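Below is one structure, written out as C-alpha cells; comments come after it.
Bear in mind that the values in this text are calculations on the coordinates, not laboratory data. Bear in mind the structure is a predicted one, so any value in this text is a computation, not a measurement. Quick reminder, even Gly has a Cβ in these numbers, built from the backbone with ideal geometry, and neighbours come from all protein chains shown.
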Amino acid sequence: MKKLYLLPIAILFFFGSFSQSIQDTQLNHPYMGSELNSNSKRPTQKAYLDTLFYEDFDSLSALNWTIVNSSTGGPFGPAAEPWKWVPAGSRPGPLAPTAGPLQSTSSMNGYMYLAPDSTVTFVPTPFDTYFTSNAISINPSVASVIVRFEQSQLYCCGGNNDLLLEVSTDSFSWTSFDATNGRNPSIISPNAEVLEINVSSVLANATTAYVRFRATGMVAYYWMIDDLLIYEGPSNNMQLKDVDLSFKNSNFSSVVDPVYTIIPNALFNSLNFIGYTFNYGANPQTNVSFNTSVFMDSTVNGNPGSGLVYSSSSLIGTVQSLEADTVTISPSFQSTSSNPTAPGYYRAVMSVSSDSINQQANSAKMEYEFLLSSASDTVIALDRGAAFFTQISGPAAYVGGGNDGDVIGVALNIDSATSFSLLATSLSYWVPNYGTSASWTQTLSPRIWRVNPAATSLNTLPTPYAQSSASISINPINNPAILGTWVTVPFFPPAALNPGESYYFGIEQTGGAASGAELWAGRDVGQEKYNNVFSNVFFLNEPANGRWIATDEILGVRLNVQLTVGVEESSSSESSAFRIMPNPNTGLFRISLMNQVKGNYNLKVFNNLGQTVLAESINVNGEFTKQIDLSSFDKGIYFISIENGESRMVEKVVVK
C-alpha cells in the first residue's frame, strides 16, 4: 500500500490552521493561456437553490478556462501547464498507484487535473499555479452565493501548502477559501468529495464573478476537480459547523482529551459541549441559541432506557450574516453522587436554533452516541466497531513507517475526580483483511505510555510505562480466519492506571518487517469528526529518524480493563506474605496470606486474556489459607489477585 509523506518537522502539541479569507494581489503571471469566449451555461436566477452558473468541464467548455503557471524550475517550470483537462478514467501518477480516477457526477466527459507526479521523473518542486474562469454574469439581487464543486485530492508535504478556491469581482483582487476541507498534508480525501463554500462576503449582490483554483507549495500527489456549481444560497440558515466534546473535568489539566465511544460508567464524570455556529444565510438571525440534550436510549442489556436525562441551552442572541460564534454549554452533563448516571447506551443531540425557519435544517444538528458500560471487566474505545471500518491506516501509510517497532497509540484519561483505578489486563486489535496471499508472519505486543500533562511534544513518550512479553502472531496464509477480526493480547502482568493521569495504550509491531509485514488497523472515518487532537498517535521507527506523530485517524485498537477501588500497589513486604504452593502445578494449589490488616478482601483469578475465571469474597484475620482448583481450565499462566479498598497483592501461577 502506498506510503504518504510526513511533515519534515517535529510534531508539537500545536498546529497552524488554513486561512479562510486571505487577500492575494501579488501573484506573478509569467504565462497566460489564450482568452476565449466568456463562460456560459447559466440560467437566470430566481430563488434559493437556483443555479447562477454550472461547469461540467467537458472537452470543449474546459477551453474557456485560463491556466496560469508561476512555478519555477522542475518538470513544471514556467513553460509548462500543470493544470490540464483529462478524459474519463485518468488517474494519478506513480507516487499514488492506489488512487483511482475521479468519481464525480459528470466524470464521464472529463475533468480538470493537477498531477505533479504524472511522470516517473518526478522532481519535488513546489507549485504556484492556478486555472481561472472568464467573467461570469450573475444576478445582482442575490445576497447569498454558494460555490459547490466535486474533487479528489492528496497533497504534500508541509504546512505552507495552499490548495484554494478563490473568487473575485474584477479578476484583480482575489479572496481565498480553503479547498482541503481542513485536512492536513498526506491525508486522502473522499472520492468524490463535495465541497460547498459560502462566498457571499465577496459575490453578494455582484454583477460579475471570477473563479479560480490555486495550488501553492504543493509538491505531490494530485488534485482533480469537476462539476463546479454557483447557486443562490439560503436566506435563513443557522449552521452547527462543528462541536468539541470533552470527557474531562475542568480541574483535570492535560493536553490529551479523547472522545470515547465506550467508557466504564464508574469512570464517567462529565461530558462538556462547545458548539461552533455559523450564519450561512443572507439574513440576520434573532434569538439564536446552542442547544444540547442527552438521551439514554437503552440499558446495557437492551431494555428501554430512561429517555431524556439532560438538557441545556446557551443563548447567543442576534447573529449577523456570515457571523461565526463559539459557544460553551454550562452546566455540562455530569454524573454526581446525588444524581449518578446509569450504565447504558446514550445519545447526545446538539443543535443551533433561531426565530426563523431554517432552510437547511439538517445542517443545524449533530448527534454523538456512546456507551457507559457496567461490567467490572470492560472496554475503553474511541472507535464504533468493525462495522464502521471503511478504510485502514497505520504507521505503514507514511514514508518512514513499515518497520518493527512501529506503534499505534490511543489516548486515555483517568479523571482526577474519580475514586477508581484501572487494571489494564489486555489490548484488542482489529486485524485488516490482508488477503490470503500475504506471505509473512507478524508479531504484535501491547504497550502503555504515561503522558506528562505539561508536555508540549510527543517526543516525551520514549519509554513504555507498561509492556508485555506476550504477543500475537498473524500469518494470513496459515491462519486466514484471523483476518477481519478482533484479536486480544494480554499484559503480563496487568498494569495499574491511576486517577489524575493520562496515558496512551497501543500495539507495537515486534517482528515481521523483514518479510514484508506492516502495521495497519481498521479506520473509523465517520467518527473522526469528533476526534480531538492527540487522541491518536503513531510511532514511526525509521532508522536514525524514529519519531512520534499525531494523526486525526481513529483506528481499531481498544483497551480491556478491570476496575479497582482505591487501589495502591502492594509493597514488596506485603507481597512476601502472599504464597502459592506448589507453583508450577497441575491446577490444584493452595494460597496462603499473612497480613496485619484484617477485614474483607476480594479474591480473583484471571487468565492471560484478562478474563476473570474465579471470584469470591474472603475474610482475612491475620492468617488465611485456601485451596484452589483450576484443573478444569486450560493450561497456561493465571494471575491471583487479593485486594481491598487500600491494597492489592498479585501473584502469577503456572498451570501445566
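Some points to look at:
- Under 5 Å, built H, 5+ apart or other chain: amide partners of GLY93: ASP117
- Prolate/oblate/rounded label for region 238-377 (Cα gyration tensor, a/c 1.5): prolate
- Note on SER617 and SER469: with the Förster distance fixed at 41 Å, the Cβ-Cβ geometry gives a FRET efficiency of about 0.80.
- Modelled spin-label separation between ASP242 and ILE197, with each label point placed 7 Å from Cα along the Cα-to-Cβ direction: 1.6 nm.
- Taking N as its residue count, the alpha carbon Rg of region 50-232 over 2.2 N^0.38 Å: 0.99
- Within the shell defined by Cβ-Cβ distances under 9 Å, the residues around GLU150 carry a net charge of -2, with Lys and Arg each +1 and Asp and Glu each -1.
- Taking the fewest neighbouring Cβ atoms within 10 Å as the starting point, the ordered list for VAL533, VAL145 is VAL533, VAL145.
- Here the calculated FRET efficiency for SER338 and ASN287, from their Cβ-Cβ distance with R0 = 35 Å, stands at 0.60, rounded to the nearest 0.05.
- Were the residues from LYS656 through SER59 laid out at 0.36 nm apart, the gain over their Cα-Cα distance would be 207.5 nm.
- Where labels lie 7 Å past Cα in the beta-carbon direction, separation of PHE388 and SER312 in nm: 2.4 nm
- Of LYS604/LYS626; LYS248/LYS365; LYS248/LYS604, those spanning more than 21 Å from alpha-carbon to alpha-carbon: LYS248/LYS365; LYS248/LYS604
- Projected label distance in nm at ALA514 and ARG579, using a 7 Å step from Cα toward the beta-carbon: 4.6 nm
- Only Lys, Arg, Asp and Glu carry charge here, each on its Cβ (+1 for the first two, -1 for the last two); on that basis region 156-283 has a dipole of about 300 debye about its Cα centre.
- Multiplying the residue separation of SER631 and ILE357 by 0.36 nm and subtracting their alpha-carbon distance yields 91.7 nm.
- Figure legend: label point modelled 7 angstrom from the Cα of ASN545 along Cα→Cβ; no residues of region 126-153 have amide N under 14 Å from it.
- Stretch gain in nm, segment ALA481-ASN600, where the contour uses 0.36 nm per residue and the Cα spacing is subtracted: 38.4 nm
- All aspartates and glutamates inside 13 Å of LYS84 as judged from Cα atoms, apart from same-chain residues fewer than 8 positions distant: ASP58, ASP226
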